[in-house]
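Report on the structure given below.
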Amino acid sequence: MDFSFRIAYKSFDFLIFVILSTLLTTIHASIHNYQNQLFNEVGNAYLLPGGSEGLYASLSSDDSATDGRSFIRFENITFWRTQDAADEQSEMEHGTGLIQAVIFEAADRNNIGGSAYGGQRSICCTPDLAKLEGCKQGEVIRIPSATEINWPMVLSIQFNGNDLSTQMNNAEVPIKKTGMHNLFFIACDPKLKGTVMSGKTVWKNPDGYLPGRMAPLMTFYVYMAIAYLLLSAIWFSQYMRFWEDILQLQHCIAAVIGLGLFEMILWYLDYSNFNKTGMRPVVTTAWVVTVGAIKKTLSRLLILSVSMGYGVVRPTLGGLTSKVLLIGATYFVASELLDITEHVGTINDVSGRARLFLGLPDAFLDAFLILWIFTSLSKTLEQLQVSCNSLLSDLMIGDVTFLLCNNHAYFIQAKRISVKLDIYRKFSNALAVAVIASVAWITYEIYFKATDPFNERWQSAWIITAFWDILSFALLCVICYLWAPSQSSQRYAYSEDVGEEFDDEEAQSLTRGQSNGDVSLVKQEQKNGNAGISDEEDESEEDKRE
């Protein structure tokens, strides 16, 4: 076989398996139900994908044991051929139609099918291949694995006489090797075109029914729940201790922490039930997904509100409130639809195009929110910087009498704004790191999926999902650290003091500071904190906070 034929052989080999993989959409459920599913024509065969999952090798060889065994079990599998196909057969004949159930690992995909003279790869044995490969014409070409002679596994089911239907014997195939296992039902007889199938298969790992790629997530959610519990304990202890000084922003942070803990607990319970029963109740999983969508939406709105200076440099979001609520509601709907598509029911309920269609709005809204967050954060930092500079300028150019009366008060206000500016700079840096990490991880995720078309790295696929939960938790920890409840919380909240208002007119009044000062300003400073001991105590508290 020359070089060109070898290239053609590999190309057709890859092409045929890509077609099979496209038809075989991964099902995230250990009980795969088939309801009148039609065989699809691929090459010289008719195929029906039965499932694809990562399975670990059995820990026990005792057939009577339940724990420690890994298997694929066939239950109530029934095939129906067309009436025309049945009428062509004699009532007295046996074996009038053959269907084969083929189980193989992704690593052994080249052991299914063959090619005559370097031509197009065939799944079913042809006359030429029967001579070359020694296969039986009309059956699936199976090349025994180098490590296991009985692998790939082929189970045969036949129609008898002119029967319209035939039923497969309930069988259980033990899994002796860890890998990504694929199941296909294949018919090589052209007369079986239009055949449909019903029934179910049960896939089990040694530790339960949870698919291999999802099993580590159950343990991960335990650790995440513990992490949220520790964060909750720290936050709510401070929250209750300084209840009278709590900001509105800190109420929002508390709500996000509570939802995060609740979400992790629900995910663990959902996965635990899945592992025990092999089923994911639609209602239960839908509730988990909804709580997750609410938490993701509130987390993004929290970051957006913080970036706008809500509760710190402005009392409310003003005219932006309706826009923020609108983008929040839109994001919730997009996230809910995408998560329901991925988690509720089975993945092959919708096509890849449908999942892509639902994922695009979610990605677009995330990008829009990131742009809005950084734009708002930039304006907030600029306003704080201008306000701080204005106060310092007034402090330096004021007349002697005004400085003697208000020097300390101005210093306190400038210091407060300086602390706010420092907090927002730290928040901006943390947010920039999070965005860079997100972009880098998305790039890695694309590379991971592009270089693993047959899901052979399924054992590490859980990390793709886990990263986003870790990143979200880390950013929440940063926000909790920067805006932690304390007795000085109100000192850094929005107030009517100098530099705290950022409307255009008030910003102009700050920059028009004259040497004779502002009488109303002096009254506000005296009202908010009289000079003397109280101011010294404020300064001491602020020094401690820094």
For this session: Would you confirm whether any residue within the stretch 203-211 is over 24 Å from the mean Cα position of the chain (by Cα), more than 18 Å from Ser52 (Cβ to Cβ) and buried (at least 18 other Cβ atoms within 10 Å of the Cβ)?
Result: yes
Exercise. For the stretch 149-166, does any single residue satisfy the condition of being open to solvent by 70 Å² or more (accessible area, probe 1.4 Å) and in a strand (DSSP E or B)?
Worked result: yes
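Give the residue, chosen from Ile103, Ile143, that is within 18 Å of Phe454 (Cβ to Cβ) and at pLDDT 90 or above.
Working: Ile143 fails: at pLDDT 90 or above.
That would be Ile103, the only listed residue that is within 18 Å of Phe454 (Cβ to Cβ) and at pLDDT 90 or above.
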Exercise. Which pairs have Cβ atoms under 9 Å, sit 6 or more apart or on different chains, and link a residue in the stretch 366-385 that is among the acidic types (Asp, Glu) to one that is surrounded by 15 or more Cβ atoms within 10 Å (Cβ to Cβ) and in a helix (DSSP H, G or I)?
Worked result: Asp366/Arg300; Asp366/Tyr331; Asp366/Ser438
Exercise. Which condition does His251 not pass, out of (1) modelled with pLDDT of 90 or more; (2) open to solvent by 10 Å² or more (accessible area, probe 1.4 Å); (3) in a helix (DSSP H, G or I), if it passes all the others?
Worked result: (1)
Problem set entry | Output for the stretch 239-248, where each listed residue is buried (at least 18 other Cβ atoms within 10 Å of the Cβ) and in a helix (DSSP H, G or I) | Tyr239
Exercise. List the pairs whose first member sits in the stretch 148-169 and is under 19 Å from Glu105 (Cα atoms) and assigned by the TED database to the domain that holds Asn76, whose second member is assigned to a loop (DSSP other than H, G, I, E, B) and open to solvent by less than 60 Å² (accessible area, probe 1.4 Å), and whose Cβ atoms are under 6 Å apart, counting only residues at least 6 apart or on separate chains?
Worked result: Trp151/Ser145
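So that you can scan it fast, the table gives a plain yes or no per residue for (1) of a type in the set (Gly, Ala, Ser); (2) in contact (Cβ under 8 Å) with a residue 40 or more places away in the chain:
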residue: Met240; (1), (2): no, no
residue: Gly260; (1), (2): yes, yes
residue: Tyr268; (1), (2): no, yes
residue: Arg280; (1), (2): no, yes
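Test Leu259 against the criterion of being open to solvent by 10 Å² or more (accessible area, probe 1.4 Å) and over 30 Å from Arg69 (Cβ atoms), and give yes or no. Before the answer, list the steps.
On the way: open to solvent by 10 Å² or more (accessible area, probe 1.4 Å): yes; over 30 Å from Arg69 (Cβ atoms): yes.
Yes: the conditions hold for Leu259.
Could you tell me whether the stretch 89-99 includes any residue that is modelled with pLDDT of 90 or more and open to solvent by less than 20 Å² (accessible area, probe 1.4 Å)? Step through it out loud before you land on a result.
If we filter the stretch 89-99 for residues that are modelled with pLDDT of 90 or more, which is where we start, we get 98-99.
Narrowing further to those that are open to solvent by less than 20 Å² (accessible area, probe 1.4 Å): 99.
Yes: one or more hits.
For every residue, the table says whether it meets (1) surrounded by 14 or more Cβ atoms within 10 Å (Cβ to Cβ); (2) at pLDDT 90 or above; (3) touching a His at 6+ places or on another chain (Cβ under 8 Å); (4) closer than 21 Å to Gly179 by Cβ.
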site	(1), (2), (3), (4)
Thr451	no, no, no, yes
Ala461	yes, no, no, yes
Ala466	yes, yes, no, no
Asp469	yes, yes, no, no
Cys477	yes, yes, no, no
Problem set entry | Residue satisfying condition, being surrounded by fewer than 18 Cβ atoms within 10 Å (Cβ to Cβ) and either part of a loop (DSSP other than H, G, I, E, B) or modelled with pLDDT under 90 (or both), within set Thr284, Thr330 | Thr284
Seminar exercise, completed: Going through (1) over 28 Å from Val202 (Cβ atoms); (2) acidic (Asp, Glu); (3) in contact with a helix residue (DSSP H, G or I) (Cβ under 9 Å, 6 or more places away or on another chain) one by one, Asp128 fails only at (3)
Problem set entry | All positions within the stretch 174-195 that are surrounded by fewer than 19 Cβ atoms within 10 Å (Cβ to Cβ) and under 30 Å from Trp458 (Cβ atoms) | Pro174, Lys176, Lys177, Thr178
Seminar exercise, completed: Phe184 vs (1) in contact with a Lys or Arg (Cβ under 8 Å, 6 or more places away or on another chain); (2) of a type outside the set (Lys, Arg); (3) within 30 Å of Leu129 (Cβ to Cβ): all pass except (1)
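The values are calculated or read from the model by the stated rules, or taken from the named source; none is laboratory data. This structure is a prediction, so every number in the text was calculated from the model and none was measured. Backbone-built Cβ (ideal geometry, glycine too); neighbour counts: all protein chains shown. With ligands, DNA and RNA removed, areas are computed over all heavy atoms of the protein, side chains included. Shrake-Rupley method; radii C 1.70, N 1.55, O 1.52, S 1.80 Å.
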